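This report refers to the structure that appears directly beneath it.
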Amino acid sequence: MNNLLSTAGPKFAQVLIAVFGFLAIMAVIFWIAGRANGRKVKPIANIVFLGPAAILLILGLIVPAFQTIAFSFKGEDSKSWVGFANYHWIFTDPDMRQVLFNTFLWILIVPIFVTFLGLLLAVFMDRMKRESLPKSLLFMPMAISFVGASIIWRFVYNYSNPYQPQVGLLSAIVKGLGGHPQNWLLDKPLNTFLLMLIFIWVQTGFGMVILSAAIKAVPSDIVEASALDGAYGFRLFRYITFPAVRSTFIVVLATQVVGALKIFDVVRTMTGGNFGTNVLANEMYAQIFVQFNQGKGAALAIVLFLLVIPVLLFNMRNLRLERSER
Amino acid sequence: MSKVAEHTPGRKLFSSKFAALVVWTITIIWTIPTFGLFVSSFRSKTDIYATGWWNVFLHPHFTLANYHDVIFGSSTQAAVGNGVLPYLVNSIVITIPAVIIPIIVATMAAYSLAWVKFKGSDFVFFFIFALQIVPLQMSLIPLLQLFTGGAHIGHFTLIPKLGIAGHFAGIWLPHTMFAMPLAIYLLHNFIASLPRDLMEAAYMDGANHFKVFRQIVIPLSIPAIAAFAIFQFLWVWNDLLVALTFASGTEEIAPINAKLASLVGQYGSGWQLLTAGAFISIAIPLIVFFSLQRFFVRGLLSGSVK
């Protein structure tokens, strides 16, 4: 305990130095830059306000992106050029075929479940009283790390000898229903779907909250008028509610596609990508930090990047439309 | 018309009860896994390995031993060593600057892009928005190299080696960098919609951009800043990838999540400790989340709903 206090003190001192040091430097720069006048005022303000963000973005994202493009055409030591060999490996290697197929399954299944379940919950919540407690509970997994979530779900997927009492919830339910529990996480291809379930469990609350807000934004006089015209239940949903929230629905779908494409933590902590559950982002991590093959890792990063571009273009178009409406 | 009107009360009653039933059923299913972990964290090692957690309802038997071992360390469980408290401290030390600094930098950039327009400022905004798509993984290796070796063109040293790998600064900086695109985008949306009259009145009164930024933009943007702060807090606290890359799993700087991830690998011997450790790491974001939920939801909405 004493030991903890003696190490924690200097650590918190570093926090204070970092935060207040940063604030002090900014205050000095503001003070100096604020004394400028005449035609230089605007350019100086731009440089002071945008400069720090620009430096961080250039060093942290832009330059690394170009370096990664270069790495992807080099060998594992990132010295000799190998042309398209790394890309050739991604699209021809039998193990990689499994990885690509799994990633494809993730982006196909996860967004559909998250958005439809989120929409169902949002629509039903709109019709019930006292929605705040279920809303908070459904949203709660969003605050839990994937590491925490994977520990939570280990207690669901655990498997013991069939003649012993089952500790895992899923095994116990299957046994209770008269089935045979199995070692779920080793069972290909079922295990990939069980990992997706964890991701869906985390993300459904996100879809629900956002769609719920969109539904609440539908003007109530429209809903009432159409109710008078005889639109109820599913008809009301189909002809009034859904068209009104469609753009939000698509945005949620797009975020989930990107999330599923980049999925890493769940696979890393649950199976480490073994037993046929590997996905692109995990393979990239493994190539870089386990196999120490930077070339292959970089090529995988580029493939990920290229796959996200269509979603990005779509979002950009939405953003432009939104701005032109303002 | 009249037929519909007659049916209205009945249908509504049915649909709202049915809706509540569906929502509550899903909510209970959704909560059970977390509840199971919570219950398990109070069960003894032998109980956890022998029976499912739901057996506590038949044979209630609880212990705080797991929490004691995880917090204060255990002589019989080598994996937890001196306990997780040093890692918990690290998580806090990593998170505070990694939330505050990106917010200030991003608010400044957002103000400049929204109110100090220059030729091409719209393009810069779209470009930053587009950077959200660069996978974090692309940056890890180049950043590590920058921290350990600096940047050179031939023999000319562009940036000296920063020497911050293995220090807290080496984790704060990547988190700050990776937060930029989303932070600037969210805050820009909010700051751009501040009332034009107010800003112009301030400029008329002779306030320069720095004064307007401090005295008008920051105070009025508090809702958006709070929303993003919670978002970033959860991101940094729950992060595993940046922690694994930039903080080798040492007690000196590694956060609690990295420690838990390594315990998961050895869980065969200490599952009961994992339960308590996981709950300690989950508790802080949950407290923050439940107390500031309103802001968090608002932040998410400003990001994805117009």
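Bear in mind that the values in this text are calculations on the coordinates, not laboratory data. In this text, all values refer to a predicted model and were calculated from it rather than measured experimentally. Cβ placement follows ideal geometry from the backbone for every residue including glycine, while neighbour counts extend to all protein chains displayed.
Taking all Cα pairs closer than 8 Å and separated by 6 or more residues, the relative contact order of chain B comes to 26 percent. Using only Cα coordinates, the Kirkwood hydrodynamic radius of the protein assembly as shown works out to 26.7 Å.
Only Lys, Arg, Asp and Glu carry charge here, each on its Cβ (+1 for the first two, -1 for the last two); on that basis the protein assembly as shown has a dipole of about 1160 debye about its Cα centre.
Residues B:THR245, B:THR250, A:THR92, arranged from fewest to most other Cβ atoms within 10 angstrom of their Cβ, appear as A:THR92, B:THR250, B:THR245. Note on chain B: GNM, Cα springs under 10 Å; of B:ARG43, B:ARG196, B:ARG294, the largest mean-square fluctuation is that of B:ARG196. Taking the charge dipole of the stretch B:197-253 about its Cα centre, with +1 at Lys and Arg Cβ atoms and -1 at Asp and Glu Cβ atoms, the residue from B:LEU244, B:PHE231, B:ALA201 reaching farthest to the positive side is B:ALA201. For the stretch A:89-325, the tally of Lys pairs with Cα-Cα distances below 24 Å comes to 5, considering only residues 8 or more apart or on different chains.
For a straight C-alpha distance cut-off of 17 angstrom, the aspartates and glutamates reachable from B:LYS211 (same-chain residues fewer than eight places away being disregarded) are B:ASP197, B:GLU200. Is the shape of the stretch A:89-325 rounded, prolate or oblate, going by the alpha carbon gyration tensor and its root eigenvalues a ≥ b ≥ c, with a/c under 1.5 for rounded and a/b larger than b/c for prolate? Taking the square roots of the gyration eigenvalues as a ≥ b ≥ c, the stretch A:89-325 is oblate. If you sort the three axes of the alpha carbon gyration tensor as a ≥ b ≥ c, you get a/c of 1.5 or more for the stretch B:85-304 and a/b no higher than b/c, which makes it oblate. Of the residues A:GLY205, A:PRO310, A:LEU169, the one whose Cα sits farthest towards the positive end of the charge dipole of the stretch A:153-310 is A:LEU169 (charges of +1 on Lys and Arg Cβ, -1 on Asp and Glu Cβ, taken about the Cα centre).
Note on B:TYR87, A:TYR163, B:TYR49: ascending count of other Cβ atoms within 10 Å places them as A:TYR163, B:TYR49, B:TYR87, the fewest first. At a Förster radius of 41 Å, what calculated FRET efficiency corresponds to the Cβ-Cβ distance of A:LEU108 and A:ILE55, to the nearest 0.05? Calculated transfer efficiency: 0.55. Between B:THR63 and A:ARG320, take the C-beta separation as r, use R0 = 60 Å, and let me know the FRET efficiency to the nearest 0.05. Efficiency, from the Cβ-Cβ distance: 0.50.
In a fully extended conformation the segment linking A:ILE47 and A:PHE289 would gain 83.4 nm over its present Cα-Cα distance, using 0.36 nm per residue. Going from the fewest other Cβ atoms within 10 Å to the most, the residues B:HIS152, B:HIS188 appear in the order B:HIS152, B:HIS188. Taking label points 7 Å from Cα along the Cα-to-Cβ direction, B:ALA151 and B:LEU220 give a separation of 3.5 nm. Based on the Stokes-Einstein relation at 37 °C and a viscosity of 0.692 mPa s, and on the Kirkwood radius from alpha carbon pairs, the stretch A:1-81 is assigned a translational diffusion coefficient of 194 µm²/s.
Quick check for me: using +1 on Lys/Arg Cβ and -1 on Asp/Glu Cβ, what's the dipole size of the stretch B:85-304 about its Cα centre, in debye to the nearest 20?
Charge dipole, the stretch B:85-304, about its Cα centre: 180 debye, nearest 20.
The calculated FRET efficiency for A:ALA225 paired with B:LYS17, based on their beta-carbon distance and R0 = 22 Å, is about 0.30. Each label was represented as a point 7 Å from its Cα along the Cα-to-Cβ direction; for A:ALA13 and B:SER291 these points are 2.8 nm apart.
Note on chain B: dipole from Cβ charges, positive end direction compared against B:HIS167, B:ILE253, B:LEU37; the farthest Cα belongs to B:LEU37. Put a dot 7 Å past the Cα of A:LEU190, heading toward its Cβ, do the same for A:LYS129, and the two dots end up 4.4 nm apart.
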